[in-house]
Amino acid sequence: MKIKRIQLTTTVRNFILGDAQADRVVPPTGFTAQLTMFSAAAMGFLAVFTLAMSLASGRLADRWGAELARSSTLRISAPPDQLPAQTTAALRLLETTPGVASARALSEDEHRALLAPWFGPDVPVDTLPIPQLIEIIETSAGYDSAGLRLRLSAEVPGAVLDDHTRWRRPLVRAATRLRTLGWVSILLIATVTGAMITLAAHAALAANAQVIAVLRLVGARDAYIANAFVRRFTLRAGIGAFIGTAVGMLALLILPSAQADGGFLTGLGFQGAHWLWPLIIPPIAALVAFFSTRAAARKTLRNLV
């Protein structure tokens, strides 16, 4: 047991610090080195934006769910002479409804602001047959929408309750699916990175077939040769992913910050502790390179006779 532990410690130390003799087996420059570095950097860059999109989608789903779930709208359509009386009756009814924190009728200026995107800022609200809107804010427990609709139909015949359910569910579902798509994309990025590094490792091993044959003749074991390739490609992938991640994070820094009226794209960057998430990309790329290169080296060395 002690001997195995010493061997494991030596292997780990050689992997981290390197072995000058073993490193000569792997060409330090050339096509495979450039391919590995470029692939890892490109995938790291894409992974940063995919991760940012996934986290932003999660924030968007939470915000939409929280904001729309706590508010409702009551629309009163009635003749002009009956509209004030029905509005007063609706407000009085809402004040006695369990689960309703507050209710207020929107003013003419607020109606004008709602219609401005379609009809311009000078729309004559007072001369148009516009329904009266009442904003309802719920408590954390919420109210019974079915019971409230029954009471409104009896006391305020022109009232229509919109609890935003038909708006909230599709939006939250779309944002949740977008977040899931982001994580699936990150998995695909890792898979493609592993495939590219595997191809580069196969090419490097095939190019050094004669060197490997000479090393075998002088007593080098396949594990020794494989470790040289694994270490070099792991370091290349880690460094490339670090460069791509750093560039991706810098690119996110120049994007517009999140704004209340800016929509989804202005909040695409990371927020708060989420800036720590991209730091896991280079280690993950190194792990992918480690396992894919080791599998490729073992398979290729078995075929080189």
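Taking other residues whose beta carbon is less than 14 angstrom from the beta carbon of I239, and scoring Lys, Arg as +1 and Asp, Glu as -1, yields +3.
With a cut-off of 11 Å between beta carbons, the residues surrounding A289 carry a summed charge of +4, where Lys and Arg count +1 and Asp and Glu -1. Computed over the range 78-157, relative contact order equals 39 percent, with contacts defined as Cα pairs under 8 Å that lie 6+ residues apart. For V156, nonlocal amide neighbours, meaning residues 5 or more places apart or on other chains whose placed amide H falls under 5 Å from its own, do not occur. Can you work out D for the range 78-157 in µm² s⁻¹ from Stokes-Einstein, where Rh is the Kirkwood radius over C-alpha pairs, the temperature is 25 °C and the viscosity is 0.890 mPa s? D, rounded to a whole number, is 175 µm²/s.
None of the figures in this text is laboratory data; all of them are computed from the coordinates on show. The model shown is predicted, which means the values in this text are computed figures rather than measured ones. Here Cβ is always computed from backbone atoms with ideal geometry, including for glycine, and neighbour counts include all displayed protein chains.
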